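A quick write-up on the structure given underneath.
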């Protein structure tokens, strides 16, 4: 199983922040970032936004609707 495939399968369970993605996979930050970049280039995921408890915007990664 490739990391890109594993990352896609993980995001099928729901949107995640980058920090959550790294914590769940256990991959180094640069490896996780490379995986998410590949998924974005393939239009498999989209970016979304949510607010933290302090009102800051946090980027969310989610599966693109047309790829489900």
Check the stretch 46-54 and report whether any residue there is in a strand (DSSP E or B), at pLDDT below 95 and exposed (fewer than 11 other Cβ atoms within 10 Å of the Cβ).
-> yes
When the stretch 14-45 is checked residue by residue, the ones that are within 17 Å of residue 59 (Cα to Cα) and outside any helix (DSSP H, G or I) are 14, 15, 16, 17, 43, 44, 45
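Could you please give the count of residues in the stretch 23-40 that are crowded, with 17+ Cβ neighbours inside 10 Å and under 17 Å from residue 50 (Cβ atoms)?
Taking the stretch 23-40 as the starting set, the residues that turn out to be crowded, with 17+ Cβ neighbours inside 10 Å are 27, 32, 35-36, 39.
Adding the requirement that they be under 17 Å from residue 50 (Cβ atoms) leaves 36.
Residues flagged as crowded, with 17+ Cβ neighbours inside 10 Å and under 17 Å from residue 50 (Cβ atoms) within the stretch 23-40 amount to 1.
Among the residues of the stretch 43-66, which ones are without any contact (Cβ under 8 Å) to a residue 40 or more places away in the chain and within 13 Å of the chain's Cα centre (by Cα)? Full working, then the answer.
Going through the stretch 43-66, the residues without any contact (Cβ under 8 Å) to a residue 40 or more places away in the chain turn out to be 43-57, 64-66.
Result: 43, 44, 45, 46, 47, 48, 49, 64.
The values are calculated or read from the model by the stated rules, or taken from the named source; none is laboratory data. As the structure is a computational prediction, the values presented were derived from the model and not from experiment. So basically every Cβ, Gly included, is an ideal-geometry build from the backbone, and we count neighbours across all protein chains shown.
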